[in-house]
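> Below is one structure. I have some questions about it.
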Number of protein chains: 2
Amino acid sequence: MAPTPKLLVVEDDPNLGALLAEYLRVKGFEVDLRADGEAGLQAFRGAAEAGGRYDLLLLDVMMPVKDGFTLAREIRRLDAQAPIIFLTAKSMKQDTIQGFQAGADDYLTKPFSMEELVLRVHAVLRRSAGLGLGIEQPQHHTIGSYTFDVRKQLLRRGEEERKLTTKESELLRLLCLHRNGLLERRQALREIWGDDNYFNGRSMDVYIAKLRKHLREDPEVEIINIHGQGFRLAAREQA
Amino acid sequence: MAPTPKLLVVEDDPNLGALLAEYLRVKGFEVDLRADGEAGLQAFRGAAEAGGRYDLLLLDVMMPVKDGFTLAREIRRLDAQAPIIFLTAKSMKQDTIQGFQAGADDYLTKPFSMEELVLRVHAVLRRSAGLGLGIEQPQHHTIGSYTFDVRKQLLRRGEEERKLTTKESELLRLLCLHRNGLLERRQALREIWGDDNYFNGRSMDVYIAKLRKHLREDPEVEIINIHGQGFRLAAREQA
DNA sequence: GGCGATCAACGTGTCGTTAACGTTCGACGG
DNA sequence: CCGTCGAACGTTAACGACACGTTGATCGCC
């Protein structure tokens, strides 16, 4: 997921579709937009034939020509692990919705906020990153004498157990993935904050400070700044 | 359970059935799919005659020809310890659901996420591995010094015995399934309430409070909030 | 009416951002 | 080398937004 993730949005409402595509592009995604299921399927096929691949599919459920669920089924036949997020309408009956939702990696009920959408997209991409290669995203890191549980946002050292906030956790997670290497400022900012402006940069520095505080009981663990570049988590893998 | 576990999925909705089967195959299971109870029974018999055996059955409850519950009873006559997970609809009455629970190792309420399904499948397989004789897996949990009977909705501690309401019981059940792990807010809301809006969220908080009250006699049992993520039931498995 | 579930309201705590100010870094000219 | 300066970074505190906890009222259904 290092470069810009590629999304396919299939949404028949042209207004909403354009809005979604535009917003997601601003947030740093590459977006293809199609207006119905048939066109969506063609886009998916086209990408596959061109040797490419969508990282994530956003499918409206209620569409003319071919609904989102049917489309999902056909796509899953081509690529069974393509991550899919459904966009469902509030007005749908629970019963009819059930089937759709069951096959999704996630789903959003309209109306939803753009912010919420981006959050979900990131979550699903993170989960499915490296899935095809059978590389499970580690849920658990060892940092010197600490252990860090990503999902539970918990940092343990012996009996001590600290709850981390979401941002602390996300940042520490990225640092762990680049352990003893360089975590670039921009990359971290874009992945966690979605945008690297001045203020987000300051915010990130605040969180670096918080993490250093959390980790300072083990003198062998350090978060080192590389001026103008980023940060490096210096720590050995095993206690 | 060392090699690929073999599952039988019986689901009349062809869309959902295909999705389930494909997803589970991607996740490393061998999957047979049947569209109604009668066909499901034949598949089960066929496997037995061929000297084989399914490791787990996933049965939709509402099906034409032969519903999931009837099918389960007939299968249990042939193999009393066949692990079974039911797929139930939200719209079902609680009463009938409780009947199903009696014969189930677990059940999922539609809509559920694929992730959740795989989690439960693994859990049941783990439990049923090396189970020995045809002991029906009782649907009850140990929570610190409490025991929780899901079917009877009873929470016991020593001589004390509290009746739980339906919602209390469902919520506690989900917490138990994720014991010491994270039960995501959205997931719980969707599974129990069917929708995660503001008010359902408040409602769930009300029930979390009630459960904490029920469980506060054992100081080692805690329901911990993970801000913005969900809840964690911290408790040891055995008293 | 009694009970369970939801709704509404309000208090409390947590989180993330921002501001403010201090410190370090590195380039550059003397 | 050394001194200077601006930019980048470090840290703390404060604030606003919002998630959570709790209580009591209300609704709907035996």
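The values are calculated or read from the model by the stated rules, or taken from the named source; none is laboratory data. The model shown is predicted, which means the values in this text are computed figures rather than measured ones. Because the Cβ atoms are built from the backbone with ideal geometry, glycine has one as well, and the counts that use them run over all protein chains shown.
> Kindly list the number of the only condition in (1) within 11 Å of chain B (Cβ to nearest Cβ); (2) touching an Asp or Glu at 6+ places or on another chain (Cβ under 7 Å); (3) within 11 Å of A:Val10 (Cα to Cα) that fails for A:Pro83.
(3)
> I'd like to verify a number: residues in segment B:155-187 that are within 12 Å of DNA strand C (Cβ to nearest atom) and either part of a helix (DSSP H, G or I) or not hydroxyl-bearing (Ser, Thr, Tyr) (or both), how many? Spell out how you get there, then give the answer.
Going residue by residue through segment B:155-187, those that are within 12 Å of DNA strand C (Cβ to nearest atom) are B:162-172.
Checking which are either part of a helix (DSSP H, G or I) or not hydroxyl-bearing (Ser, Thr, Tyr) (or both) leaves us with B:162-164, B:166-172.
Selection size over segment B:155-187: 10.
> Under the condition of being part of a helix (DSSP H, G or I) and more than 10 Å from DNA strand D (Cβ to nearest atom), which residue from segment A:194-239 is nearest to the other protein chains (Cβ to nearest Cβ)? Before you say what the answer is, go through the steps one by one.
Here is the first cut: in segment A:194-239, the residues part of a helix (DSSP H, G or I) are A:198-215.
Checking the rest, the ones that are also more than 10 Å from DNA strand D (Cβ to nearest atom) come to A:199-200, A:214-215.
Details: A:Phe199: 21, A:Asn200: 19, A:His214: 16, A:Leu215: 20 Å.
Top of the filtered list is A:His214.
> What are the residue pairs meeting all of these: first residue in segment A:205-225, first residue within 13 Å of DNA strand C (Cβ to nearest atom), second residue of a type in the set (Asp, Glu) and assigned to a helix (DSSP H, G or I), Cβ atoms under 8 Å, and 6 or more apart or on different chains?
The qualifying pairs are A:Tyr207/A:Glu168; A:Lys210/A:Glu168; A:Leu211/A:Glu168; A:His214/A:Glu168.
> Can you name the residue in segment B:1-17 that is surrounded by 18 or more Cβ atoms within 10 Å (Cβ to Cβ) and either away from chain A (no Cβ under 13 Å) or touching a Lys or Arg at 6+ places or on another chain (Cβ under 6 Å) (or both) and, of all such residues, is modelled with the lowest pLDDT?
Ranking the qualifying residues of segment B:1-17, first place goes to B:Pro5.
> Name the single residue, out of those in segment A:18-34 being surrounded by fewer than 18 Cβ atoms within 10 Å (Cβ to Cβ) and aliphatic (A, V, I, L, M), that is nearest to the chain's Cα centre (by Cα).
A:Val26
> While we're looking at this one, here's another question. What do you reckon, is A:Gly181 touching a residue at least 40 places away in the same chain (Cβ under 8 Å), surrounded by 15 or more Cβ atoms within 10 Å (Cβ to Cβ), away from DNA strand D (no atom under 14 Å from the Cβ) and more than 14 Å from chain B (Cβ to nearest Cβ)? Explain how you work it out, then say what you get.
Working: touching a residue at least 40 places away in the same chain (Cβ under 8 Å): yes; surrounded by 15 or more Cβ atoms within 10 Å (Cβ to Cβ): no; away from DNA strand D (no atom under 14 Å from the Cβ): yes; more than 14 Å from chain B (Cβ to nearest Cβ): yes.
Against the criterion (touching a residue at least 40 places away in the same chain (Cβ under 8 Å), surrounded by 15 or more Cβ atoms within 10 Å (Cβ to Cβ), away from DNA strand D (no atom under 14 Å from the Cβ) and more than 14 Å from chain B (Cβ to nearest Cβ)), A:Gly181 does not qualify.
> Further, regarding this structure: Tell me the residue from B:Asp32, B:Asp12 that is within 27 Å of A:Asp79 (Cα to Cα) and in a strand (DSSP E or B), please. Walk me through it before giving the result.
Values: B:Asp12 fails: in a strand (DSSP E or B).
Answer to the check: B:Asp32.
> Residues in segment A:144-161: is at least one within 16 Å of DNA strand D (Cβ to nearest atom) and not basic (Lys, Arg)?
So the first thing to find is which residues in segment A:144-161 are within 16 Å of DNA strand D (Cβ to nearest atom), and the list is A:151-154.
Next, only the ones that are not basic (Lys, Arg) stay: A:153-154.
Among the residues of segment A:144-161, at least one is within 16 Å of DNA strand D (Cβ to nearest atom) and not basic (Lys, Arg), which makes the answer yes.
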